[in-house]
Amino acid sequence: MTNITSSTQSANPLYPRLLGAAIERDLSLYPVVAVMGARQVGKSTLAHAIASQRGMACHTLDDSDALLYAQADPSGFLADLGDEGAFIDEVQRAPDLLVAIKAVVDLEQRNGRYLLSGSAQPKIRSGVGDSLVGRVSYRTLRPLLTSELRYSIEGSAWSMLFGDETELLAELALRPMRHGDLDWRQVVPVGGYPRVVAAPPDARREIASNYLETFIARDLPEVLSVSSHEHFGRFVRVLATRVGQPQNTNSLAGELNISANTAARWIDALERSYLLERIPAFYVNAGHRITKAAKLFFNDAALALVAANETLPNGMHLENFLATDLKVWEESRPGRVVYHWRVQGGAEVDFILEQDQGRVAVEVKGTNSVGPSDTKHLQRYVNDHGAVRGVLLSADPEVRLLARNVVAAPWWAAV
């Protein structure tokens with residue numbers, strides 16, 4: 001099987017980022033575009049590349065001289081950037097600069113004026129939102145996707161799952177032939193953080209662990225007040241052992257001897273820092289008792305593995321890996337939503353994809369062989385809720401129909 005990250009790679013700024021096209025489009029529609037995401041996912045690299053290609057000035061407020069100028073004279077700082085627009089990194093370091101940006105935007109009424117990013121994401125979101133409401137588009141960059149790591153701009157196959165059955169089966173069979181097979185047990189521990197990907201294999205866990213420690217020690221105080229960083233670190237690690245499970249705040253609180261309100265507040269802080277993702281529950285009034293809690297995932301499956309102090313990934317880490325790809329698909333176009341479905345009593349489906357009011361149910365299994373007996377929950381959802389079809393993704397390389405309206409395919413054909 002192909003391993004797209006098997007050898008040591010240099011930190012490569014030329015990975016194609018699928019979000020780039022959306023940012024370019026937003027710059028033609030909004031005066032300001034803010035690139036959001038967790039620390040070290042490549043926000044500055046992507047934004048700088050886009051800005052340079054457009055002839056925009058590029059400045060980072062990590063530079064002490066630029067920071068002093070932006071703090072002392074925000075209007076003068078912006079005037080010196082020229083008329084072709086500008087990318088400003090670490091913009092949260094000079095809060096008054098956002099007020100000056102608003103003044104320029106309101107005066108000029110011109111789209112594509114400023115591209116913003118920075119490391120303190122909650123501060124940027126609140127600061128930009130307060131100053132530039134109605135004038136800004138937010139785009140979230142996540143760790144590198146499988147398609148980006150193999151230098152492909154083809155993207156995922158999630159939208160294809162809604163199409164004609166014959167064409168879908170043919171395309172799902174062709175995609176592995178074009179890109180090669182993948183072993184999730186090798187891919188998941190690498191993840192998509194550029195520095196981790198670029199590191200020698202024996203150093204990747206150490207770098208990912210240091211990343212978590214840095215977040216807890218340095219970034220956390222910018223999000224919320226925590227009396228003990230060590231206590232919060234334990235919370236993150238316990239949460240990582242529950243990846244892919246519905247949020248149970250009371251259970252988490254009891255295990256760590258904290259209040260349920262504190263647990264909820266800490267989960268919210270992780271989500272606002274882009275380290276945690278929620279997949280909401282799908283439910284309708286169908287006469288069944290439905291689990292309505294959102295499922296929790298880390299923004300990177302490898303980070304979840306390290307946070308849980310585990311060395312070997314399991315099926316839930318594969319599900320987390322695909323959840324990251326699905327969140328990118330969801331946010332790339334209006335009208336898309338990703339849910340999970342669970343009925344009290346046992347029936348559940350990992351992901352429900354909704355696009356233009358049509359739905360596809362997706363189940364994920366890490367096993368090398370699947371059969372018709374693995375489709376019962378998919379069939380139940382399809383029958384009960386009128387979905388287009390069910391799709392069973394696993395490590396089984398054969399693409400085929402397993403049951404009526406249920407397609408089986410290798411997981412790597414979808415990403």
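The values are calculated or read from the model by the stated rules, or taken from the named source; none is laboratory data. Note that the structure is predicted; figures quoted are calculated from it, not measured. Cβ atoms come from the backbone with ideal geometry, glycine included; neighbour counts cover every protein chain shown. To get the accessible areas, we keep the full protein, side chains included, count just its heavy atoms, and leave off ligands, DNA and RNA. Shrake-Rupley method; radii C 1.70, N 1.55, O 1.52, S 1.80 Å.
Values as computed for the structure displayed
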quantity: Mean Cα-pair separation over length for the chain, i.e. relative contact order, pairs under 8 Å, 6 or more apart, %; calculated: 16
quantity: The chain - charge dipole about Cα centre, Lys and Arg +1 at Cβ, Asp and Glu -1, debye rounded to 20; calculated: 920
quantity: Gyration tensor (alpha-carbon) shape descriptor, the stretch 76-218, a/c threshold 1.5; calculated: oblate
quantity: log₁₀ of I(q)/I(0) at q = 0.17, 0.26 Å⁻¹ - the stretch 361-401, Debye sum with one point per alpha carbon; calculated: -0.42, -0.89
quantity: Rounded percent of accessible protein surface that carbon and sulfur make up, the chain, 1.4 Å probe; calculated: 49
quantity: Computed Kirkwood radius, in angstrom, where 1/r is averaged over Cα pairs of the stretch 26-151; calculated: 14.5
quantity: Kirkwood-Stokes translational diffusion coefficient of the stretch 144-276, alpha-carbon pairs, 10 °C, 1.306 mPa s, µm²/s; calculated: 89
quantity: Protection proxy ranking, peptides 298-307, 140-149, average beta carbon neighbours within 10 Å, highest first; calculated: 298-307, 140-149
quantity: For the stretch 268-384, the fraction of alpha-carbon pairs in successive 10 Å shells from zero, as %; calculated: 12, 41, 37, 10, 0
quantity: Pairwise centroid distance, computed over Cα atoms, of the stretch 183-250 with the stretch 112-170, Å; calculated: 21
quantity: Unsatisfied cross-links (Cα-Cα over 28 Å) in the set LYS102/LYS327; LYS43/LYS102; LYS43/LYS292; LYS43/LYS365; calculated: LYS102/LYS327; LYS43/LYS292; LYS43/LYS365
quantity: Dipole magnitude (debye, nearest 20) for the stretch 345-385, charges at Cβ of Lys, Arg, Asp, Glu; calculated: 160
quantity: Unit charges at the beta carbon, dipole of the stretch 132-172: most positive-side option, THR140, TYR151, ALA170; calculated: THR140
quantity: For the stretch 175-255: accessible area per residue (Å², 1.4 Å); calculated: 46
quantity: Anisotropy class of the stretch 28-86 from Cα gyration tensor, a/c 1.5 cut; calculated: oblate
quantity: The chain: calculated mean residue ellipticity at 222 nm from DSSP helix runs of at least 4, using -39500 (n - 2.57); calculated: -11500 deg cm²/dmol
quantity: GNM flexibility winner over the chain from LEU353, LEU392, LEU27 (Cα, springs under 10 Å); calculated: LEU27
quantity: Bridge type composition, the chain - antiparallel percent by DSSP, nearest 5; calculated: 45
quantity: Cα pair count fraction exceeding 40 Å, expressed as % - the chain; calculated: 20
quantity: Kirkwood Rh in Å, taken over all unlike Cα pairs in the stretch 331-371; calculated: 11.8
quantity: As computed over the stretch 213-324, the Cα convex hull volume per residue (Å³); calculated: 114
quantity: Probe 1.4 Å, accessible area per residue of the stretch 283-415, Å²; calculated: 39
